[in-house]
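Coordinate-derived values only; no laboratory data. None of the values given here were measured: they were computed from a predicted structure. Ideal geometry is used to build each Cβ from the backbone, glycine not excepted, and the neighbour counts take in all protein chains shown.
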Amino acid sequence: MLVPIAVAFTVGLLGYAYQALKPPPPKICGSPGGPPVTSPRVKLSDGRHLAYRETGVSKEVAKHKIIIIHGFDSSKDLHLPISQELIEEFKIYFLFFDRPGYGESDPNPSRSVKSEAYDVQELADKLQIGPKFYVIGISMGAYPVYGCLKYITDRLSGAALLVPFVHYWWPCLPASLSTESLKRLPLQDQMTFRVAHYTPWLFYWWMTQKWFPSLSIMSGNMAIFCPQDMEILAKLSESPRDGQESKSPQQGVYESLHRDIMTGYAKWEFDPMDLSNPFPDNEGSVHIWQGGEDRIIPSRVNRYISEKLPWIQYHEVPEAGHLLIFESKHWETILSALLHR
């Protein structure tokens, strides 16, 4: 009698574990039961679609073409407070797009730092924006910029990494620096990034279980924001836009938010120290912009990267936090440096 009960219990336990570890399938835009396609999209060579948004001056008259790579839980509908006067003065064409799994872009189960770089290149070619362009990566959107600096260097006019993502397991980082920087984060974030790096097959379970808090930014832990960030959040809440940002995980959190973290913290095919100066003749430039009071991204790591790669120009904004991109006063400086104005 006990044997059948034990077998049934074991089978039930295994079934529960399987369901807990297995993420649900994504609700792909345009598929039966999925969200509608409302934005222009291009079809990539592997059959996936990328949704995009064009702003600024037309690409036919633009002097500078910039591809914006959004961050975590964001989308192509990200609003950046760049004045129309500045856009027209510099003659800038902006191309925003939903990264794989976000918004209306198809998921990519094989997503990697390399694949995201080639997505940028293929998007640029499909839209015929020209042989050269700039890339700006914001927060988590910085790891695709590192991919661009590695894999499509010949296509770049310049690059900027704004409040950029850091990987605590980059081989180039001294153990003391990576360990101390990671320990400065809330414990729940330390655990989340460790699970993503060491046991990605457990990541869906970790992000959905109720016993322990997971990622601060998703669990409402406001302690990760400095006072300046809190002021910006208050201003943003007073003037909400059209709700487009809420569409970023509409195809499912696993293929958007979860896979973004897993991709960023996976083992990369290269180390940042392997990168060569893409502009040895100073025909372009690479920049890191870091908030001095950023509690989400440790400034010490980005400062170290720029010290070891002196061709990366490091800019630390005193008293600014992780949300400095939402202050219009910074954009003229950022764009002037990138575009050599």
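Annotation: the antiparallel percentage among DSSP beta bridges lying fully within the chain is about 25.
Throw me the Rg/Rh for segment 232-341, computed over C-alpha atoms with Kirkwood Rh, two decimals. Before the final figure, lay out each step's value.
Numbers: Rg = 17.1 Å, Rh = 16.9 Å.
Using Cα coordinates only, the ratio equals 1.01.
Of the Cα atoms belonging to segment 41-83, the radius of gyration and Dmax stand at 12.7, 37 Å.
This model, with +1 at the C-beta of Lys and Arg and -1 at the C-beta of Asp and Glu, gives segment 204-324 a dipole about its Cα centre of some 500 debye.
Are any of the pairs LYS114/LYS267; LYS27/LYS247; LYS150/LYS267; LYS132/LYS267; LYS183/LYS235 more than 20 Å apart by Cα-Cα distance, and if so, which? Present the calculation step by step, with values, prior to reporting the outcome.
Numbers: LYS114/LYS267 12 Å; LYS27/LYS247 12 Å; LYS150/LYS267 15 Å; LYS132/LYS267 29 Å; LYS183/LYS235 31 Å.
Check vs 20 Å cut-off fails for LYS132/LYS267; LYS183/LYS235.
Note on the chain: with charges restricted to the Cβ of Lys and Arg (+1) and Asp and Glu (-1), its dipole about the Cα centre is near 800 debye. Annotation: amide H of HIS287 within the under-5 Å range of ALA159, ALA160, LEU161, GLN313, sequence separation 5 or more or interchain, hydrogens built in the peptide plane.
For ILE69, the residues 5 or more places off, or on other chains, whose built amide H falls under 5 Å of its own are ILE136, GLY137, ILE138.
Karplus-based coupling profile of segment 88-105, in residue order and whole Hz: 6, 5, 8, 6, 9, 9, 10, 10, 9, 8, 7, 5, x, x, 8, x, 10, 8, with θ = phi - 60° in 6.51 cos²θ - 1.76 cosθ + 1.60 and x standing for Gly or Pro. Determine the shape class of segment 92-238: with a ≥ b ≥ c the square roots of the Cα gyration tensor eigenvalues, call it rounded for a/c under 1.5, and otherwise prolate if a/b is greater than b/c, oblate otherwise. Prolate shape, in that a/c is at least 1.5 and a/b is the bigger ratio. Here Kirkwood radius over Cα pairs in Å was calculated from the structure, and among (1) 21.1; (2) 20.5; (3) 23.0 it sits at label (1).
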